[in-house]
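Down below is the structure, laid out as structure tokens.
Read-outs: derived from the displayed coordinates by stated rules, not from any lab. Fair warning: this is a prediction, and the values are worked out from it, not measured in the lab. Glycine gets a Cβ as well: all are built from the backbone with ideal geometry, and neighbour counts include every protein chain shown.
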Amino acid sequence: ISILITLLIAFAYNRYSTNYYLVETSILIKSDNDISSASDLIYEKVNSSKKILENKEQILTSFPLIFKTLSDLRFDISYFIKGNIKTSESYFAPIILYCDDTQSLIGKKIEIDILDKNNFLFKDLETGEKKNISFKEKFLFFGNEIYFDFNPLYESHEINNIPDVIVKFLSIKNLARKYKNEINVSQKDKESTVLDISLMSENQM
């Protein structure tokens, strides 16, 4: 009985605990400086190349660049797939929310229950308000015009198999600070001009 209970606990932990994935890529930094002699190698060009790499590392982890990247990718709108026990964030939700400006919506959460191919149940998780809305139908949410549509990249196209989705509005500034601290830029080979960028994420990107 003890072994069975232990196995069940281990299964539940592995099934519902948060998983973290290593996301990484490499960037080749091109330099206009060519090492043409031994003196260049010893004195000038190597130091110049090192400074270039250090500058690139600073740029890649700079707040303005991270802020712009997150804004372009619309990380201000976050989607969570609602399960029976666990609700997990997903980059490939069954629906997409369209909104030009979410600044005044930061901190608010809504739940979408897809009823059929044309309609869904909209629920404001802050006020508890519910209403049926059609896809692509524009409506006001706290003074902001928004609308929903199906995500063409989502795998399942059967309405009965599409889970409920929770949408959260996040602050890009707070996210930029978070990613600035978590992004790691390193140089595996000291002789190369390749920078490795890595990040631990809850999602497989």
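Overall shape: oblate for region 131-179, with the ratio a/c of the largest to smallest alpha carbon gyration tensor axis at 1.5 or above and b/c at least equal to a/b. With 24 Å as the limit, write out which pairs from LYS68/LYS131; LYS56/LYS180; LYS138/LYS178; LYS109/LYS178 have Cα-Cα distances beyond it, or answer none. Result: LYS68/LYS131; LYS138/LYS178 exceed 24 Å.
Suppose every K and R has +1 on its Cβ and every D and E has -1 on its Cβ; what is the size of the dipole of region 57-115 about the Cα centre, in Debye to the nearest 20?
On the way: 6 positive and 8 negative charges, 41 e Å.
Value, rounded to 20: 200 debye.
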